[in-house]
Each structure stands twice: as structure tokens, then as C-alpha cells.
Amino acid sequence: MKTYKNLVIIALGAASVLASCVDEPDKFELTAGQPTINYIRLQDVASKDSLLTEAYTATPICIVGENLTSIKEMYFNDVKAVLNTSYITNNTMLVSVPKDIPGSNTGKIYMVTRDADTVTYDFKVLVPAPVVSSMTNEWTAIGDEAVINGQYFVDDPNQPLAITFTGVNNSTNIPVTQIKEITPSSVRFVVPEGVEEGQLSVSTIYGKSASKFYFHDSRGLITNFDGATDVVPQGWNISATYSTEGGVDGQYCQVGPAETDGGWVEDLKLPFWCGNWSGDPMSITSGAGIPLRNFIDFSNWQNMSFKFELYIPKSNPWSAGALQIMFMNYQDAANDSWQNNTYGRTSADGGLDLPRALYNPWKDTGSFDTGDQWITVTIPLTDFVYNDDGTKSPKQMSINSFDSFIMWPHEGGVAGTTCTPILRYDNLRVVPNL
């Protein structure tokens with residue numbers, strides 16, 4: 001009886017192995033020998049007749065050849081590619097050019113076989129010109145350290161990375177001479193003497209690009225709290241204070257410290273309501289209460305961004321309430337929404353919020369401060385689409401929305417923890433996207 005049971009067990013085991021083989025007839029196995037590449041093309045079938053001798057980083061390609069199943073590892077220059085055996089056959093291999101920038105661009109693919117042999121193939125990896133997307137603080141003082149952020153910052157020994165600023169009479173001839181640190185996505189350097197407002201440029205061995213921002217940008221200035229415009233905080237119960245100590249550019253505005261759990265706190269709001277209680281606000285062309293669209297061109301507002309410099313000290317971090325930023329048509333503001341502190345949630349608009357942006361950098365970490373440094377915050381006007389609870393607003397911005405303005409930490413749809421933040425603002429502006 002035991003013998004019979006053993007025979008059954010053995011038979012079942014053999015059947016299991018056989019079934020496994022049948023279930024995976026195309027299971028990938030490394031083969032002996034060396035691979036041969038006949039040609040390389042794009043993975044897109046529509047482009048199959050376009051043969052490649054070079055491609056940009058992260059490009060999906062199809063390698064066509066023989067005995068490609070002998071490839072255990074593949075390197076583009078000195079960067080290892082990710083191989084998925086599900087996409088490798090004897091004659092084809094689907095793979096992407098690695099996204100990482102090669103440290104040494106030899107112009108070759110290196111294929112390491114099962115038997116540890118290395119086979120090469122001529123193929124050039126192209127790296128895009130640098131992308132200069134942002135500056136940690138666009139109003140960094142001359143002589144101070146600044147950080148730019150982006151992609152493809154390559155410092156090749158044969159052609160070192162270089163940064164050039166706009167100089168006198170809009171010339172771009174002020175080079176950075178003190179570069180402190182370079183990574184593929186950031187560069188830290190000292191702002192040189194003699195630079196003026198404008199774009200900066202970064203050049204590498206792979207090309208040259210201008211920044212997507214202006215250094216010391218004063219375009220579309222709502223206010224810098226130094227009297228550069230006549231726009232001043234205007235509304236009920238404003239508790240803002242002003243100082244130049246530790247400022248980023250002259251005088252700045254501060255709200256707080258004030259305790260908040262994300263609910264309404266009068267001492268943290270900063271309103272700029274247009275009008276002067278005597279007649280049509282749109283007739284005001286200068287002085288306090290002027291509608292923003294009377295001195296800033298919002299005709300292409302969908303291609304503009306709201307920017308400001310922000311400082312939150314380590315001693316008073318922020319951990320409750322999204323910073324609600326709202327532009328409002330003067331008629332909406334007149335519908336009792338600002339007098340009653342409801343700011344866009346009125347009976348006149350059906351109880352629905354007017355669209356706004358929600359800036360909430362603490363929501364993922366639980367708390368946020370700027371490390372006792374000034375930073376630049378950038379929010380595209382196309383992101384002004386939310387209700388105060390974080391849901392999408394049924395209303396949309398228009399060219400008529402840019403009369404009054406307010407910013408304050410309140411609600412936002414994410415629970416936080418009670419805090420006593422200090423928020424310092426400077427250089428409130430709306431600028432064209434580059």
C-alpha cells in the first residue's frame with residue numbers, strides 16, 4: 001500500500017513538472033554565444049523604417065539582431081539599462097535608453113553575455129540641453145549663494161557648465177565665477193556683481209538654454225511693500241506688520257504669529273480689496289483701491305503665474321490650513337462676501353466658492369517652514385480652480401476676475417495640527433510664463 005502511495009506521489013510530481021513546462025513554453029533562458037545587432041529602430045511601429053544611430057535619454061527603442069537572448073546586462077556608455085526578459089527574444093529586444101546622464105559618453109552600447117564576454121555596438125546617446133526651470137529664491141541678493149533647479153546640468157571636463165546673467169542694458173555678459181556644487185538637477189553658486197533683472201542662461205557640452213523665470217523679476221508687480229505700486233492691504237481687521245530686518249528685498253509684510261487649527265483666523269489674512277466707497281471701483285486709475293486689472297495686463301492670464309517670496313521661520317512652522325489665494329471680481333467682492341468674512345461663499349453665488357489656488361506644502365510632511373530662508377513660490381493662474389475645501393469649483397476665472405485679491409491660511413480639505421505660524425511675504429506679482 002505504501003509503495004502504491006509513493007508511486008502516486010512520484011507520478012503527480014512528474015505531472016506537475018510537465019505541466020509547468022507546458023504552461024511556460026516561451027520562458028526566457030540565457031543562451032550561449034555572442035549577440036549581433038543588425039540595426040536599431042524606435043519601438044513605435046509607425047516608425048519602424050527609421051533606423052537609429054543615436055537617440056536621446058529615455059527613448060524607447062527596439063534592437064533587432066541575432067542571439068539577443070545571450071545578453072545578461074546592457075550598458076549605454078557607462079549607464080546600465082533595465083532589461084525586461086518579457087520583451088527579449090532571439091531576434092528583438094525592447095529597451096529604453098537610460099534616463100541618467102552618462103558620466104563618460106563613449107558612443108557605444110556594451111552587451112555583457114552569459115559567459116561574461118563583452119560585445120560593443122556603435123550608438124550615440126544624446127543628452128538634451130540644460131533645462132533651467134526654477135530658482136529657489138529669485139530675489140537672492142547679489143553676492144549671496146543661489147540655487148537653480150532643472151535637468152541635464154552636466155559639468156564635462158572638456159566643456160565645464162557655465163552660467164551667464166543679464167547685465168547692463170540687457171546684455172547677457174555677466175558670468176558666474178563661483179560655482180559651489182553641481183548635480184544633474186541643481187546648481188549652487190554665488191550671484192556675481194553687476195547683474196540686473198532678466199533671464200539667466202546655462203550652457204553645457206550639450207547646449208545652452210535660458211531660464212524659465214526672470215532673476216529679480218519686477219514685472220506685473222502687485223506690491224513689494226516698498227511703495228513701488230499704490231496697492232496696499234485694504235480690508236477689515238488687518239493685523240499685518242512690516243519690517244526690513246532679514247528681508248529679501250527691502251520691506252516685507254508679516255502676518256502672525258497667530259494660533260490656528262485650519263479654521264478662520266483674522267490675524268492671518270492679507271486682503272487687497274479695490275474701491276474707496278465712492279462710485280465705480282473701475283474708475284480708479286491710481287492710488288489705494290485701484291483694481292489690479294487697471295494696471296496689470298491680464299489679457300493672456302491663462303499663460304501667467306502668481307509669484308511671491310515667502311519666509312516661514314523654523315521657530316514658527318506652518319501645519320494647518322491651506323494658503324488660499326483668490327483673485328475676485330469687484331462685484332463678487334461687493335456681494336457681502338468680504339464684509340462677512342465668507343470670501344466667495346455667499347447667497348448671491350448660490351453658496352459656492354469662487355475659484356482659488358490652494359498652496360499647501362505641509363500636507364505631505366505634516367509641517368513646513370522655509371529653514372529661515374526666503375523662497376520663491378510659483379502658482380500658474382490655471383491652477384486657480386478650487387473651492388475652499390479642496391474640491392473643484394464650478395466657477396472659472398476670467399479676465400474680469402482680477403480686481404481684488406486676498407491670501408490667508410484656511411481649511412483646504414486636509415486636516416492639520418494646531419500651529420502658530422509666522423508668514424512673511426514680499427514681491428507679490430503676476431508674470432507671463434516663459
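The values are calculated or read from the model by the stated rules, or taken from the named source; none is laboratory data. Just so it is clear, the model here is predicted, and its values are computed rather than measured. All Cβ positions, glycine included, derive from the backbone under ideal geometry; neighbour counts span all protein chains shown.
Considering only residues in the range 342-370 that are among the hydrophobic types (A, V, I, L, M, F, W, C) and in a loop (DSSP other than H, G, I, E, B), the one that is modelled with the lowest pLDDT turns out to be ALA348. Of all residues in the range 98-116, those that are surrounded by 13 or more Cβ atoms within 10 Å (Cβ to Cβ) and more than 15 Å from TYR152 (Cα to Cα) total 9. Only residues that are touching an Asp or Glu at 6+ places or on another chain (Cβ under 6 Å) and outside any loop (DSSP other than H, G, I, E, B) were counted across the range 293-316, and they come to 1.
Taking the numbered list (1) farther than 26 Å from PRO380 by Cβ; (2) touching a strand residue (DSSP E or B) at 6+ places or on another chain (Cβ under 8 Å); (3) not aliphatic (A, V, I, L, M) in turn, GLY227 passes all entries but (2). Give the range 74-95 a look and list any residue that's more than 30 Å from ALA129 (Cβ to Cβ) and touching a residue at least 12 places away in the same chain (Cβ under 8 Å), or say none. Within the range 74-95, THR85, SER86, ILE88, THR89, ASN90, ASN91, THR92 meet the criteria.
Residue by residue, here is whether (1) out of contact with any helix residue (DSSP H, G or I) (no Cβ under 8 Å at 6 or more places or on another chain); (2) at pLDDT below 95 holds:
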site	(1), (2)
VAL377	yes, no
THR382	no, no
TYR386	yes, yes
GLN396	yes, yes
SER404	no, yes
ARG429	yes, no
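Filtered by the rule that a residue be on the phi < 0 side of the Ramachandran plot and either at pLDDT below 95 or surrounded by 15 or more Cβ atoms within 10 Å (Cβ to Cβ) (or both), the range 240-260 gives ALA240, GLY247, VAL248, ASP249, TYR252, CYS253, GLN254, VAL255, PRO257, ALA258, THR260. Can you spot a residue in the range 121-132 that is of a type outside the set (Gly, Ala, Ser), modelled with pLDDT of 95 or more, in a loop (DSSP other than H, G, I, E, B) and in contact with a Ser or Thr (Cβ under 7 Å, 6 or more places away or on another chain)? Within the range 121-132, one or more residues are of a type outside the set (Gly, Ala, Ser), modelled with pLDDT of 95 or more, in a loop (DSSP other than H, G, I, E, B) and in contact with a Ser or Thr (Cβ under 7 Å, 6 or more places away or on another chain).
Highlighted here are the strands (runs of 3 or more DSSP E) found entirely within the range 135-246 that include at least 2 residues which are small (Gly, Ala, Ser) and over 30 Å from ASP403 (Cα atoms): 145-151, 201-204, 207-210.
Considering the range 111-160, and only residues there that are of a type in the set (Asp, Glu) and more than 14 Å from TYR206 (Cα to Cα), the residue that is nearest to the chain's Cα centre (by Cα) turns out to be GLU138. Evaluating ASN38 against the criteria (1) assigned to a strand (DSSP E or B); (2) buried (at least 18 other Cβ atoms within 10 Å of the Cβ) leaves one unmet condition, (2). Checked across the range 82-89, the condition of being aliphatic (A, V, I, L, M), more than 30 Å from ASP156 (Cβ to Cβ) and more than 34 Å from the chain's Cα centre (by Cα) holds for at least one residue.
Within the range 227-239, if we keep just the residues that are under 30 Å from the mean Cα position of the chain (by Cα) and surrounded by 16 or more Cβ atoms within 10 Å (Cβ to Cβ), the residue that is modelled with the lowest pLDDT turns out to be THR229. Scanning the range 376-407 for residues that are surrounded by fewer than 20 Cβ atoms within 10 Å (Cβ to Cβ) and of a type in the set (A, V, I, L, M) yields VAL377, ILE379, VAL385, ILE399. Hey, GLN373 hits all of (1) buried (at least 20 other Cβ atoms within 10 Å of the Cβ); (2) in a loop (DSSP other than H, G, I, E, B) but one; which does it fall short on? Of (1) buried (at least 20 other Cβ atoms within 10 Å of the Cβ); (2) in a loop (DSSP other than H, G, I, E, B), only one is false for GLN373: (1). Return yes when VAL202 is among the β-branched types (Val, Ile, Thr) and in the same structural domain as THR376 (by TED's automatic domain parsing) and no when it is not. Considered against the rule, which asks whether it is among the β-branched types (Val, Ile, Thr) and in the same structural domain as THR376 (by TED's automatic domain parsing), VAL202 comes out as no. Take the range 317-332 and flag every residue that is aliphatic (A, V, I, L, M) and in a strand (DSSP E or B). The answer is LEU323, ILE325, MET326, MET328. Being within 25 Å of the chain's Cα centre (by Cα) and over 30 Å from PHE165 (Cβ atoms): is that true of PRO98 here? When the stated conditions are applied, PRO98 passes them.
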